[in-house]
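Each remark here refers to the structure printed beneath this line.
The values are calculated or read from the model by the stated rules, or taken from the named source; none is laboratory data. Being a predicted model, the structure only gives us computed values, none of them experimental. Cβ: placed from backbone, ideal geometry, glycine included. Neighbour counts: every protein chain shown. All accessible areas refer to the heavy atoms of the entire protein, side chains included, with ligands and DNA or RNA removed. Shrake-Rupley method; radii C 1.70, N 1.55, O 1.52, S 1.80 Å.
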Amino acid sequence: MALHKGTDDRTGASERGFSVNPFYGEADPLGGMASEPPRHALPDGPMAPHAAYQFVHDELMLDGNSRLNLATFVTTWMEPQAGVLMADCRDKNMIDKDEYPRTAELEKRCVRMLADLWHAPDPASVVGCSTTGSSEACMLAGMAFKRRWALANADRYPSAARPNLVMGANVQVCWEKFCNFWEVEARLLPMEGDRFHLDPTGAAALCDENTIGVVAVLGSTFDGSYEPVADICAALDDLQERTGLDIPVHVDGASGAMVAPFLDEELVWDFRLPRVASVNTSGHKYGLVYPGVGWALWRDAAALPEELVFRVNYLGGDMPTFALNFSRPGAQVAAQYYTFLRLGREGYRAVQQNTRDVARTLADRIEALGDFRLLTRGDELPVFAFTTADDITGYDVFDVSRRLRERGWLVPAYTFPANREDLSVLRVVCRNGFSLDLAELFLDDLGTLLPELRRQPGPLDRPQAVATAFHH
């Protein structure tokens with residue numbers, strides 16, 4: 001008896017062959033070498049995978065080197081094991097809680113860990129979720145503020161009252177987007193003199209019966225400084241005693257909420273303050289995870305109106321969700337849990353301390369050059385801002401930024417917002433992976449270009465659009 005027997009199909013199906021996905025093999029391998037594909041329309045046919053890769057790879061070589069990007073707060077280095085773990089999870093859709101229950105469980109564990117880290121009175125009662133980053137987390141916190149206020153003022157809203165949100169002019173642009181998208185008045189306290197962020201007196205003065213909340217920033221993107229969260233809460237406590245207005249506070253800890261718990265343990269800024277209703281952070285900043293992942297936590301269920309929470313079936317049970325985005329990969333949540341396990345409190349403390357040490361050393365060395373004046377020194381966030389000294393007239397911060405870019409360093413130059421548009425600065429963000437050795441190389445390049453800049457007769461002309469506030 002034959003081991004294999006052909007089909008006796010009399011319908012002609014045996015002659016059809018198989019349908020093959022073009023990705024399964026090389027199609028016309030020479031085609032990718034002989035012609036250039038269109039840039040703004042789909043090609044007519046497939047291309048060999050190695051050719052497609054090379055086209056994309058070659059264009060991406062013109063991007064800046066992320067490790068030399070001193071503008072971004074976003075993590076640019078992780079361990080190889082974390083990269084492998086993220087590759088394992090990149091095809092898992094976070095929204096499918098019942099299909100990926102262990103990923104959902106890791107998300108819950110991360111929320112509980114952060115609640116404990118931020119001194120929630122009862123970490124088990126904290127409501128929280130992962131997000132695509134702090135921008136989404138801030139949107140969610142703002143939505144919760146507005147809905148809580150609307151429920152408490154149902155007799156006046158929307159016909160007779162317009163809600164407002166109080167914050168400093170230094171807030172990240174996502175807060176201005178929130179106010180625009182959700183029709184909330186943005187009450188921004190301008191900068192004055194050497195005050196570059198929100199202060200307690202100014203915050204309380206801007207509040208009224210239509211204020212849905214106050215945003216305090218733990219780590220300003222403009223200069224790396226912490227806003228005085230405890231003092232702001234105390235001023236609002238006093239306001240409530242005088243007027244009866246009970247204004248909640250959200251702490252935008254995009255960066256600082258993953259620095260202060262390890263390096264500034266005595267600083268009270270989190271859920272230890274009863275007025276703090278919610279906190280957010282970026283896991284992909286000083287949480288030490290590749291982008292994009294953020295976290296939003298509310299003190300308890302009372303801080304997040306139930307009508308904003310959606311319920312999904314989770315292994316036959318109930319899983320509350322609150323998010324703007326829907327489908328997104330579970331890889332970053334897995335990587336965040338990996339990093340929490342990998343480092344623990346002492347590991348995070350060591351990493352953040354080293355980063356702060358690099359920032360403070362670099363700031364001191366730049367000040368010693370004599371051409372610059374420091375606004376901050378990297379002793380809160382590992383971030384500092386500096387401008388040219390008063391006697392420097394041959395060049396400005398925009399010239400320095402441009403010349404550093406020629407050597408591969410990306411250092412943002414920008415003007416401050418109202419009322420300090422007269423102040424233009426450079427800002428350096430030190431992250432894990434930016435070592436003291438790299439800082440020395442940066443100083444070498446900065447020192448090399450200074451003699452040339454000093455010989456300029458004056459700052460070079462630049463388009464007005466360049467001298468705008470930098471929000472990241």
**Study point:** Any pair with Cβ under 6 angstrom, 6 or more apart, that starts in the range 125-138 at a residue that is closer than 13 Å to residue 291 by Cα and ends at one that is modelled with pLDDT of 90 or more and in a helix (DSSP H, G or I)
**Key:** 130/107; 130/333; 131/137; 135/174
Check your understanding: Is there a residue being open to solvent by less than 40 Å² (accessible area, probe 1.4 Å), among the hydrophobic types (A, V, I, L, M, F, W, C) and either at pLDDT 75 or above or assigned to a loop (DSSP other than H, G, I, E, B) (or both) anywhere in the range 8-26?
Key -> no
Revision key, fill the gap. Here, strands (runs of 3 or more DSSP E) confined to the range 243-342 with at least 2 residues that are among the hydrophobic types (A, V, I, L, M, F, W, C) and modelled with pLDDT under 95 are 310-314
Practice item. Could you grab me the full set of residues in the range 96-107 that are of a type outside the set (Gly, Ala, Ser) and either more than 21 Å from the chain's Cα centre (by Cα) or surrounded by fewer than 16 Cβ atoms within 10 Å (Cβ to Cβ) (or both)? Key: 96, 97, 98, 99, 100, 101, 102, 103, 105
**Study point:** Which listed residue, of 346, 367, is open to solvent by 40 Å² or more (accessible area, probe 1.4 Å), touching a strand residue (DSSP E or B) at 6+ places or on another chain (Cβ under 7 Å) and at pLDDT 95 or above
**Key:** 367
Study note, to complete from the structure: Taking the range 110-134 and keeping only residues that are open to solvent by 60 Å² or more (accessible area, probe 1.4 Å) and touching a helix residue (DSSP H, G or I) at 6+ places or on another chain (Cβ under 6 Å), one is left with 112, 113, 116
Practice item. Please name all residue pairs, on different chains or six or more residues apart, with Cβ atoms under 7 Å, provided the first residue is in the range 105-122 and is touching a residue at least 60 places away in the same chain (Cβ under 8 Å) and within 17 Å of residue 259 (Cα to Cα) and the second residue is β-branched (Val, Ile, Thr) and assigned to a helix (DSSP H, G or I). Key: 110/333
Review point. What's the number of the condition residue 196 fails, among (1) among the hydrophobic types (A, V, I, L, M, F, W, C); (2) open to solvent by less than 10 Å² (accessible area, probe 1.4 Å); (3) closer than 18 Å to residue 421 by Cβ?
Key: (2)
Exercise for review: Could you tell me whether residue 44 is among the acidic types (Asp, Glu), more than 23 Å from the chain's Cα centre (by Cα) and not in a helix (DSSP H, G or I)?
Suggested key: yes
Practice item. Just need a number here: residues in the range 241-256 that are surrounded by 24 or more Cβ atoms within 10 Å (Cβ to Cβ) and out of contact with any Cys (no Cβ under 9 Å at 6 or more places or on another chain). Key: 4
Check your understanding: Does residue 378 satisfy being touching a Leu at 6+ places or on another chain (Cβ under 8 Å), of a type in the set (Gly, Ala, Ser), part of a loop (DSSP other than H, G, I, E, B) and open to solvent by less than 10 Å² (accessible area, probe 1.4 Å)?
Key -> yes
Check your understanding: Does residue 401 satisfy the condition of being small (Gly, Ala, Ser), under 27 Å from the mean Cα position of the chain (by Cα) and not in a helix (DSSP H, G or I)?
Key -> no
Revision key, fill the gap. Restricted to the range 205-227 and to residues being of a type in the set (A, V, I, L, M) and outside any strand (DSSP E or B), the residue surrounded by the most Cβ atoms within 10 Å (Cβ to Cβ) is 206
Review point. Within the range 141-152, which residues are of a type in the set (A, V, I, L, M, F, W, C) and either surrounded by fewer than 19 Cβ atoms within 10 Å (Cβ to Cβ) or assigned to a loop (DSSP other than H, G, I, E, B) (or both)?
Key: 150, 151, 152
Exercise for review: State whether one or more residues within the range 228-240 are touching an Asp or Glu at 6+ places or on another chain (Cβ under 9 Å), surrounded by 23 or more Cβ atoms within 10 Å (Cβ to Cβ) and touching a residue at least 40 places away in the same chain (Cβ under 8 Å).
Suggested key: yes
Review point. Among the residues of the range 411-427, is there at least one that is assigned to a helix (DSSP H, G or I) and open to solvent by less than 10 Å² (accessible area, probe 1.4 Å)?
Key: no
Check your understanding: Within the range 153-180, how many residues turn out to be assigned to a helix (DSSP H, G or I), modelled with pLDDT under 95 and over 18 Å from the mean Cα position of the chain (by Cα)?
Key -> 0
Point to revise | Hits in the range 55-80 (condition: open to solvent by less than 80 Å² (accessible area, probe 1.4 Å) and without any contact (Cβ under 8 Å) to a residue 40 or more places away in the chain) | key: 55, 57, 58, 66
Exercise for review: Go over the candidates 371, 390 one by one and state the one that is more than 28 Å from the chain's Cα centre (by Cα) and in contact (Cβ under 8 Å) with a residue 60 or more places away in the chain.
Suggested key: 371
Point to revise | Conditions (1) at pLDDT 85 or above; (2) part of a loop (DSSP other than H, G, I, E, B); (3) small (Gly, Ala, Ser): number failed by residue 2 | key: (1)
Review point. Got a sec? Which of 213, 128, 193 is small (Gly, Ala, Ser) and either in contact with a Lys or Arg (Cβ under 7 Å, 6 or more places away or on another chain) or farther than 30 Å from residue 311 by Cα (or both)?
Key: 193
Revision key, fill the gap. Of those in the range 441-456 that are open to solvent by 60 Å² or more (accessible area, probe 1.4 Å) and under 13 Å from residue 392 (Cβ atoms), the residue farthest from the chain's Cα centre (by Cα) is 455
